[in-house]
Amino acid sequence: PGLYGDVSRVQQEAMACGCPTICWDTDQWKETHPYKYANAFDLNDLAQKIIEVYEEVLDDREGVAKRCRNLAESYFDINLEAQQVVAVLRDIVAAQ
């Protein structure tokens, strides 16, 4: 987990490959979309989330992988991200 709850490109790609990720719950906008959130800086809660994910994977690996892939497809579309960046840059240029 990162300090601000950000999901890195590596975490996004892991989710796209069906690997669950866990993030701190410090993302105030809830834009990280991990497989699970852990209470910020609470190592016991992080450990519990790791155990929960492990048990879920043991019970239904394919289902967990599918949920991860669906989250990645829904929230980490590189084309959508590029369109959003271009829109922001156009707004900045237009305002000058």
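FYI, it's all coordinate maths here, none of it is from the lab. Predicted model only: the values in this text are computed from it and were never measured. Glycine gets a Cβ as well: all are built from the backbone with ideal geometry, and neighbour counts include every protein chain shown.
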Given the structure, is Asp60 free of Cβ contacts under 8 Å to residues at least 40 places away in the same chain, of a type in the set (Asp, Glu), part of a loop (DSSP other than H, G, I, E, B) and surrounded by 11 or more Cβ atoms within 10 Å (Cβ to Cβ)?
-> no
Lone qualifier among Gln12, Gln48, Gln83 - being assigned to a helix (DSSP H, G or I), touching a strand residue (DSSP E or B) at 6+ places or on another chain (Cβ under 9 Å) and not small (Gly, Ala, Ser) = Gln48
Return the pairs, sorted by first residue and then second, in which the second residue is in a loop (DSSP other than H, G, I, E, B) and surrounded by 10 or more Cβ atoms within 10 Å (Cβ to Cβ), the first residue lies in region 76-87 and is in contact (Cβ under 8 Å) with a residue 24 or more places away in the chain, the beta carbons are less than 8 Å apart, and the residues are 6+ apart or on different chains.
-> Phe76/Val7; Phe76/His33
Just one of the numbered conditions (1) of a type outside the set (Val, Ile, Thr); (2) part of a helix (DSSP H, G or I); (3) surrounded by 17 or more Cβ atoms within 10 Å (Cβ to Cβ) is not true of Tyr37; which one?
-> (2)
